[in-house]
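Structure first, commentary second.
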Amino acid sequence: MNLRTRASLFLIVPGLSLALLLAGCNKVESLSIVPGPGIELLTAAGQTAQYTAYAAEQMGSAPQTTNNVTGSVSWTSSNPNVATINSSGLATAVTAGYVQITATSSNNVIATSDLTVKIAGSTAGGSGNTITSMIVIPGSQSVASPNQTSQFLAIGTTSTGATVDLTGQIAWNSSSTQIATINSTGLATSVGQGTTTITAIYVNSAGGTVVTGTATFTVVGGTTEKYTAVSILPGSQALSASGQTGQFIALGTSGSTGLQTDVTLSPQIKWSSSIPTIASVTATGLATGISTGTSSITAELVNTDGTVVSASATVVVSLTAAPEPLLSLTIVPASITVGQLQDTGQFLAIGTYSTAPYTRDLTNSPNLAWISDVPNVFPVNTNSGGNAGATAGIVTAYGNGNANIIAEATNPSDGTIQTASATFNCPLVLPNPAGNPPTPGSCYPGSQAAALLATITIYNEGLNTTNWLVTAASATGTPNVIHCGPGWAATGGTGGSVCVATYPITSGNTTILITAPAQAGVNFGGWSYNCTPSDKNGNTLLAPPFWTAAGPNYCKVTITSSGSFPNTNITVGGIFN
């Protein structure tokens with residue numbers, strides 16, 4: 001049997017023969033399979049591989065034992081068309097592909113391993129086949145500390161439905177090499193504390209189409225990434241000598257990503273004033289005017305390795321009175337660029353006020369709204385609930401290009417609004433040289449995630465221009481999200497001749513019911529082909545009549561999120577005369 005295996009080492013305890021005699025009375029606590037993930041069968045169909053199951057078993061208060069239970073567990077193959085497995089754990093290759101082998105004990109303890117059948121001389125997709133999709137397994141892994149490794153596998157699905165192991169034929173990438181690296185065989189090595197995205201990129205030799213798969217790799221322990229710079233906002237403040245206070249905010253810049261984090265209250269930071277008799281500053285960055293003059297406020301940020309970065313701002317103390325409320329709004333940083341689909345970037349919104357505290361972090365304020373001008377590709381989180389622990393200001397990349405990110409803050413005292421803007425970019429990096437896989441981390445064409453929202457457009461194909469009406473509810477059932485047509489004006493609303501509404505795309509299909517109410521003087525003549533006639537409950541009408549001239553009439557639109565061409569932009573025409 002020509003096998004290459006990567007197996008785990010198991011300890012077989014002394015006295016195993018006695019333990020086997022008592023196995024029927026023991027309780028299986030855990031189950032393991034040898035060999036572990038990564039078998040590669042290189043010969044023809046009919047080749048076999050023996051799996052062995054070991055159970056950690058407990059009998060009453062006796063010490064736990066490790067026993068060979070191969071013959072007493074239930075063996076299954078996830079795809080018998082690729083490989084079968086019998087009750088003795090003997091797997092037999094059928095054709096090229098990938099399967100998961102599962103062993104289940106009598107008390108439903110489960111263990112799994114992977115079996116990849118790669119027939120000698122075969123190509124990834126087989127003769128005339130192409131890879132249409134790919135997954136990375138496992139979808140997530142974690143290790144305790146730096147310098148530990150974990151193996152990822154890339155499993156592709158061909159145009160015929162077969163599965164193949166592509167692990168050694170793709171470009172692997174880690175979104176943060178400060179957290180983990182990954183080599184050409186899919187072996188990830190931990191570097192520092194945090195979570196990174198592992199991406200696999202495969203290019204079909206015929207046609208050059210690209211498929212990708214992603215997973216996450218977490219390093220629980222170790223050293224966090226250090227800060228390379230710190231800045232203070234605002235750069236200067238004017239305070240009254242009567243004890244007026246002003247808040248400074250410190251932003252730390254991380255080394256590899258360049259992202260900025262609010263470290264004002266971090267235990268790693270120390271605040272100080274150059275002339276405390278003019279202006280003092282607390283451990284939270286709150287400065288107080290004491291006497292006329294100028295003082296420098298300094299923030300020193302100490303990294304875990306002992307290195308220090310610092311920045312200073314100026315406080316001018318005088319006898320002037322405080323100005324009016326919210327004066328300005330700033331987004332930091334002014335621009336974020338990411339290099340991989342579904343990467344995120346954190347923006348912070350900093351407001352300058354006329355009353356203490358003069359500088360405030362408004363990122364998660366309920367009085368601040370975050371807006372993206374391309375929400376279907378670069379959505380941004382907002383925090384309408386006012387939860388201080390929320391993650392507002394985070395933008396996610398679902399395609400390539402750029403977006404303007406806008407923060408809009410409302411002053412509760414007088415309703416005035418201050419705005420600020422920044423840019424978010426996910427650039428396209430083409431393959432170089434031609435024919436090679438796209439540069440790992442590139443937001444390249446064809447790799448975009450599905451749109452986050454679907455749009456439904458309604459219009460009238462008939463001749464009526466005075467009183468026709470169409471309505472549709474939201475995805476959550478809110479009525480009349482769509483209220484299209486001049487007939488809506490009669491009920492107190494306004495309805496255009498062409499109406500558009502957006503609906504969230506879920507992992508399955510979403511059905512939207514379109515309604516043409518009965519209206520005096522309106523004759524209905526049918527729906528366009530892509531809106532299925534139905535009853536008022538959304539049940540498909542299987543036989544005529546599919547509509548009546550007097551109405552009411554209904555049809556349903558199905559939003560699909562899967563397939564090569566998801567149905568996410570739908571135009572529905574109704575004939576009103």
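Pull out a ≥ b ≥ c, the square roots of the eigenvalues of the alpha-carbon gyration tensor of segment 262-397, then state rounded if a/c is under 1.5, prolate if not and a/b is larger than b/c, and oblate in the remaining case.
Working: a/c = 2.70, a/b = 1.57, b/c = 1.72.
Judged from the Cα gyration tensor, segment 262-397 comes out oblate (a/c at least 1.5, b/c at or above a/b).
Can you bin segment 304-380 into rounded, prolate or oblate? Criterion: square roots of the alpha carbon gyration tensor eigenvalues sorted a ≥ b ≥ c, rounded for a/c under 1.5, prolate for a/b above b/c, oblate for the rest.
Details: a/c = 3.29, a/b = 1.43, b/c = 2.30.
Oblate, because a/c is 1.5 or more while a/b does not exceed b/c.
Could you give each residue of segment 163-175 its phi-based ³J(HN,Hα) in whole Hz, using Karplus coefficients 6.51, -1.76, 1.60 with θ = phi - 60°, and x for Gly or Pro?
Computed from phi, the couplings for segment 163-175 are 10, 9, 7, 9, 3, x, 10, 10, 9, 9, 8, 10, 5 Hz.
Read-outs throughout are calculated quantities, based only on the coordinates presented, and are distinct from any laboratory measurement. Please read all numbers here as calculations on a predicted model, not as lab measurements.
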